[in-house]
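First the structure, in the form of structure tokens, and then the observations on it.
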Amino acid sequence: MSRILDQRILLLVISFSVNVQSTKVLSEWKKCGDLECEKAMSRVQATTDYLGPDCRYLNFKTGEEIIVYSKLTRENENLWAGSKGKDFGYFPRDAVKVEEVLIGEEVEVLTKETDFLCLHEDKYTFE
């Protein structure tokens, strides 16, 4: 009986750590094309296949086009956020090459908790 309880506690701890990891703030700051981060910043093309570690990340294949809307700064400058069709998420900037810059100047703004939530079929997933 004690062994079953130990296994359940271990599974609970593992589940909790995965959930915390997938909702953590990736950066406190981001750069955008406007204060609301609604303006597209650039058009990029994937130079490699990418499969993100969780649902906050954008998966893509080499050659696909992505529209960039924000770039994380300070703590995590390697991640950009953008869309490919209906899919939206973060991806490493070194997995793409810039094809066209669409804005003249970037503005730095604070991130929000909602910037790091998972989107599934037009619904937010709160973990």
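The table below gives the values:
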{"item": "Lysine-lysine proximity count for the range 23-111, Cα under 18 Å, sequence distance 8 or more or distinct chains", "result": "15"}
{"item": "Arg43 accessible area, 1.4 Å probe, all protein chains in place, Å² to nearest 10", "result": "60 Å²"}
{"item": "Gain on full stretching of the segment that runs from Thr47 to Glu113 - 0.36 nm per residue minus C-alpha separation", "result": "20.8 nm"}
{"item": "In Å², nearest 10: area of Thr47 left accessible to a 1.4 Å probe", "result": "70 Å²"}
{"item": "Surface per residue (accessible, 1.4 Å probe) for the range 31-104, Å²", "result": "54 Å²"}
{"item": "Net length gained if the chain between Glu65 and Asp87 were fully extended (0.36 nm per residue, minus Cα distance)", "result": "6.7 nm"}
{"item": "The range 31-104 - charge dipole about Cα centre, Lys and Arg +1 at Cβ, Asp and Glu -1, debye rounded to 20", "result": "20 debye"}
{"item": "Fraction of accessible area attributable to carbon and sulfur, the range 31-104 (%, probe 1.4 Å)", "result": "45 percent"}
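The values are calculated or read from the model by the stated rules, or taken from the named source; none is laboratory data. Predicted, not measured: the structure shown is a model, and the values here were computed from it. With ideal geometry, Cβ positions are generated from the backbone for all residues, glycine too; neighbour counts draw on all protein chains shown. All accessible areas refer to the heavy atoms of the entire protein, side chains included, with ligands and DNA or RNA removed. Shrake-Rupley method; radii C 1.70, N 1.55, O 1.52, S 1.80 Å.
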